[in-house]
Amino acid sequence: MQKYSPIELEKKWQKIWEETEIYQTPVDPKNPYYCLVMFPYPSGNLHVGHWYNFALADSLARYKKMQGYDLLSPIGFDSFGLPAENAAIKRGLAADQWTADNISQMKVQLKSIGAIYDWDRTLSTSDPEYYHWTQWLFLQFYQSGQAYQSEALVNWDPVDQTVLANEQVVDGRGERSGALVEKKRLKQWFFRITDYADELLDQLDNLDWHDNIKQMQRNWIGKSQGSQLGFAVKGKDLMIEVFTTRIDTLAGATFLVLAPEHDLVEKIVEDQYRAKVKDYQKQVASMTNLDRIQSDNKDGVFTGAYAVNPLTNQRMPVYIAEYVLPEYGTGAIMAVPAHDQRDHQFATKHGLEIIEVIDSGGAGVEEQAYEDEGLLINSERFNGLAKEEAKRAITQYLADTNRAKLVTNYRLKDWLISRQRYWGCPIPIIYCDKCGVVPVPEEDLPVILPLEQEFDNAADSPLKRHPDYLKLNCPACGDSNARRETDTLDTFVDSSWYFLRYTDNHNSQQPFNQDKVNQWMPVGHYIGGIEHAVMHLLYARYFTKALADLGLLEFREPFKRLTNQGTILGPDGQKMSKSKGNVVDPDQYVSQYGSDSVRTYLMFLGPFSQGGPWDDSRFEGITRFLTRLYSLVVDPYEPGDFEADQEMEMVQKLHATIKKLGQDLEELKFNTAVASLMELVSLMQDKKNQGVISNDVWHQSLKYLSLILAPITPHLAEEFWQHLGEEQSVHLQGWPAYDPEVIEQTELTIPIQINGKKRSEILVAQGLDREEVTRLVLDNARVQQLLEGREPDKIIVVPDRIVNIVLD
RNA sequence: GGGCGAGUGGUGGAAUUGGUAUACACGACGGACUUAAAAUCCGUUGCCUUAUUUUUUAUGGCUUGAGGGUUCGAGUCCCUCCUCGCCCACCA
């Protein structure tokens, strides 16, 4: 009896695989398959979630390779970002060194998975070889008008004097300073993602992604069709533009509400209300976004101005209120209190008129807004129309006098890409007093991020205080007072094209060779966490489309098929977190039980997209299985009395398992793949104990077993393969073909139901037709006994499946 | 408030996509091995019922969150409701 010692065994094979370089990516793929995992941030530790993602994706990659595909399965690091900068500030470490240390530590952990990665294909976004091309792409975007500068409302931290990303605002306070975050207008860089809003929306239909993710992207893009119309302000030559999806309710619009930040407020406010308006604006500006969303109160103040309802010519007071958001639509609404609950609350609070214009069928609109369907009333010439008809008619009526038009509105905003941060990709732009905004010439790329950097903890981008970096001669006119842009790019920019770079990661002349990128892309299967459902996946799609329009790519969608794995929870069923003390360290299990065990455990946990809590007792079940498996293959087989039936049963099971495993791996149903392997192993163990299999068939069966184990437990499979006398690696073999004729059973036991309940079963030849089966069933003694002489009303026969006898 | 998804034994889950519900495992119980324990191996294990019964084996009925529907047949399809999870959200 040999003992299964996974640690030595796995180390041995990992070393051999590396030395023999069996995982090199083919240079000229004839039959390419690109299997991609979302690259990790180099935090310094590979956690269980990474394992779940990478190890199981590796099984898919291995299966694809065995199927004969030319495989690209790379890994890299999303290595720009705030944690490195914080480490630099808090612990005085150099950000690049901290990052490099973490990457080398994570490479060791990644190698312990025993994955198929081609380490020559790796990349890090903070590597100048990489960000050279991020900058180059930015310049292409700038030249084509996709990148532009504009003022924007941003999260401003008044203590640190810096802009914060939304993710850096926690409960309305700055993550580091703890100060209440304000909104402020500042000049920022943007990508024109809204140009692609419709395409990003429409092409979702053609993607093999889960509906959930598609729906999240649709919500994010937030397309809505409506009308934009102008309301004249009394006594002023001004129009207030409003976006509405319910222009049919126009006659019921009794007041207007502007966002407190709206530009026109200044111009329309009457003197006696000015002080109150200013006070209110200040109050709202100091509110956190969270407060503003969560508070349900309908506070607001009157501006003293009146507008005119273009349909009824009624006078409409103009208010400002926090419940109208500056970013959406035009930042102003027409309020229809009878048919919108928010407007209703506001009207009730401020004593404003409520006019029913959609027939509520007697429900009334005094207590609450009537938001259901109905025909128009109190709407002059439009009375009696239904919703859609009314929308068209009213828009048409107002369009004739140029006061309304049909518009499409999106929730999606242009992508704000500049960050006042140090550890990011420098934006290759120069400001010159004489020439204005000057892009860095391509031959001067990359703009290298200075590694020697003083951090003084207090303020905005430390690059502003780096004289060598900041000041330079203008490349256009030579003026010596030119300054570099000190903002860096949002790290989502780095990760929006890394999958393209993998196809040609050593190219020093271009971001990628076009032939290569078009050969490998789009990605065959992209696997990663659901937390990237919107941002990363939307940005990567946008990048692909924009680059296709620049003529750099021949495809417009990067990821044909996407799977989001579930979350592995702590043993207590809660999300793992250091503060809860429920973090499971995969290294501990790998160093004790080996990679194959951790892989198989994670596979067997449940459906891949579901995740679930870590459970030690189940883990032991897996090591038990692998130990049994090891002894099944390695302990010698001693044939006894050969029995053809038993051998046939085993061979059948073997072929059925080959078929099942292939289907399951293709669909990422790892849990049932492992279950069917367990069934096969139990059966083989049983036959081995009995010694009823001929020597040749036994040996052959073990070879098949090793082959189908290869994607799942790659180390163990390799060990078995060698044990069986093979010289070449199991990972260079083809996926075995199953024999459909072997699987097909000549005789089947099918159930006999009476009135839908199983009462008996019968053994019939495979493929027997309805009449034959019916005759056999009726002749069956047990069936006759059950029928007690009653005549069947009807007999349903589904060949090879079931018989149902229907009695009255 | 809107969207998506889920609810199956003590537990994780499976179910050929409308055709034998509970595969595979964990746990539990019983047994073998052992001076003993661990490990390992073998057996039992949805619930209720009735009969026989130290062991044993049968009999009938019920069962996929609740209720209704379609169907010869529903975990699966349709309707209503309940609960949970995730995402979005004063979105005009």
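Observations on the model:
- Taking the stretch A:120-134 as the range and being under 25 Å from the mean Cα position of the chain (by Cα) and part of a helix (DSSP H, G or I) as the test, the residues that pass are A:121, A:130, A:131, A:133, A:134.
- Selected residue (only one of A:673, A:710 is within 11 Å of RNA strand B (Cβ to nearest atom), touching a helix residue (DSSP H, G or I) at 6+ places or on another chain (Cβ under 6 Å) and closer than 24 Å to residue A:593 by Cα): A:673
- Considering the stretch A:676-698, the residues that are within 15 Å of RNA strand B (Cβ to nearest atom) and among the small types (Gly, Ala, Ser) include one that is nearest to residue A:605 (Cα to Cα), namely A:676.
- Flag: residue A:321 matches the condition of being over 22 Å from residue A:405 (Cα atoms), buried (at least 21 other Cβ atoms within 10 Å of the Cβ) and within 16 Å of RNA strand B (Cβ to nearest atom).
- Cross-chain or 6+ apart pairs with Cβ under 6 Å, the stretch A:12-39 first and closer than 24 Å to residue A:527 by Cβ, then surrounded by fewer than 20 Cβ atoms within 10 Å (Cβ to Cβ) and among the hydroxyl-bearing types (Ser, Thr, Tyr): A:22/A:729; A:31/A:69; A:33/A:69
- Residue A:502 vs. criteria assigned to a helix (DSSP H, G or I) and at pLDDT below 95: no
- Taking every residue in the stretch A:682-694 that is more than 18 Å from residue A:625 (Cβ to Cβ) and pairing it with any residue that is loosely packed, with under 13 Cβ neighbours inside 10 Å and aromatic (Phe, Trp, Tyr), at least 6 positions away or on another chain, yields no pair with a Cβ-Cβ distance below 9 Å.
- Candidates are the residues of the stretch A:708-745 that are among the polar types (S, T, N, Q) and in contact (Cβ under 8 Å) with a residue 12 or more places away in the chain; the one that is surrounded by the fewest Cβ atoms within 10 Å (Cβ to Cβ) is A:745.
- When residues in the stretch A:752-804 are screened for being more than 10 Å from RNA strand B (Cβ to nearest atom), among the β-branched types (Val, Ile, Thr) and within 25 Å of residue A:741 (Cα to Cα), 3 of them pass.
Here's the yes/no breakdown for (1) within 25 Å of residue A:496 (Cβ to Cβ); (2) without any contact (Cβ under 8 Å) to a residue 24 or more places away in the chain; (3) in contact with a strand residue (DSSP E or B) (Cβ under 8 Å, 6 or more places away or on another chain); (4) not polar (S, T, N, Q):
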site	(1), (2), (3), (4)
A:366	no, yes, no, yes
A:378	no, no, no, no
A:396	no, yes, no, no
A:407	no, no, yes, yes
A:422	yes, no, yes, yes
A:442	yes, no, no, yes
A:445	yes, no, no, yes
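- Counting the residues of the stretch A:467-482 that are within 38 Å of the chain's Cα centre (by Cα) and either at pLDDT 90 or above or farther than 12 Å from residue A:431 by Cβ (or both) gives 1.
- Residues that are part of a helix (DSSP H, G or I) and under 21 Å from the mean Cα position of the chain (by Cα) within the stretch A:666-678 comprise A:666, A:670, listed in sequence order.
- Qualifying residue in the stretch A:54-66 (condition: more than 28 Å from the chain's Cα centre (by Cα) and charged (D, E, K, R)): no
- Exactly one residue out of A:391, A:349, A:282 is outside any loop (DSSP other than H, G, I, E, B), surrounded by fewer than 16 Cβ atoms within 10 Å (Cβ to Cβ), in contact with a strand residue (DSSP E or B) (Cβ under 9 Å, 6 or more places away or on another chain) and not aliphatic (A, V, I, L, M): that is A:349.
- Residue A:370 being free of Cβ contacts under 8 Å to residues at least 40 places away in the same chain, buried (at least 18 other Cβ atoms within 10 Å of the Cβ) and hydroxyl-bearing (Ser, Thr, Tyr): yes
- Scanning the stretch A:119-139 for residues that are hydrophobic (A, V, I, L, M, F, W, C) and over 28 Å from residue A:20 (Cα atoms) yields A:133, A:136, A:137, A:138, A:139.
- Members of the stretch A:335-346 that are surrounded by 22 or more Cβ atoms within 10 Å (Cβ to Cβ), in contact with a Pro (Cβ under 9 Å, 6 or more places away or on another chain) and more than 15 Å from residue A:372 (Cα to Cα): A:343, A:346
- Out of A:598, A:590, A:583, one residue alone is among the β-branched types (Val, Ile, Thr) and at pLDDT below 90. It is A:583.
- Close pairs (8 angstrom Cβ cut-off, 6 or more residues apart or separate chains): more than 25 Å from residue A:364 (Cα to Cα) and in a strand (DSSP E or B) in the stretch A:320-342, within 6 Å of RNA strand B (Cβ to nearest atom) and among the β-branched types (Val, Ile, Thr) anywhere: A:332/A:324
- Residues in the stretch A:143-159 that are out of contact with any helix residue (DSSP H, G or I) (no Cβ under 8 Å at 6 or more places or on another chain) and buried (at least 20 other Cβ atoms within 10 Å of the Cβ): A:154, A:157.
- Evaluating residue A:480 against the criteria (1) in contact (Cβ under 8 Å) with a residue 40 or more places away in the chain; (2) outside any helix (DSSP H, G or I); (3) not basic (Lys, Arg) leaves one unmet condition, (1).
- Conditions (1) modelled with pLDDT under 85; (2) in a loop (DSSP other than H, G, I, E, B); (3) not aliphatic (A, V, I, L, M); number of the one not met by residue A:464: (2)
- Candidates A:782, A:759, A:770, A:775: the one that is in contact with a helix residue (DSSP H, G or I) (Cβ under 6 Å, 6 or more places away or on another chain) and either at negative phi or not aliphatic (A, V, I, L, M) (or both) is A:759.
- Scanning the stretch A:736-785 for residues that are under 30 Å from residue A:707 (Cα atoms), of a type in the set (D, E, K, R) and modelled with pLDDT under 85 yields a total of 2.
- For the stretch A:277-309, filtering for residues that are at pLDDT 75 or above, more than 14 Å from RNA strand B (Cβ to nearest atom) and hydroxyl-bearing (Ser, Thr, Tyr) leaves 2.
- Selection count where residues are within 13 Å of residue A:758 (Cα to Cα) and over 50 Å from the mean Cα position of the chain (by Cα), scope the stretch A:784-804: 1
- Scanning the stretch A:370-402 for residues that are closer than 30 Å to residue A:201 by Cβ, within 16 Å of RNA strand B (Cβ to nearest atom) and not acidic (Asp, Glu) gives A:387, A:390, A:391, A:392, A:394, A:395, A:398.
- Hits in the stretch A:628-670 (condition: touching a strand residue (DSSP E or B) at 6+ places or on another chain (Cβ under 7 Å) and either at pLDDT 95 or above or near RNA strand B (Cβ under 10 Å from one of its atoms) (or both)): none
The values are calculated or read from the model by the stated rules, or taken from the named source; none is laboratory data. For clarity, every value in this text was computed on a predicted model and none was experimentally measured. Don't worry about glycine lacking a Cβ; one is built from the backbone with ideal geometry, like all the others, and counts go over all protein chains shown.
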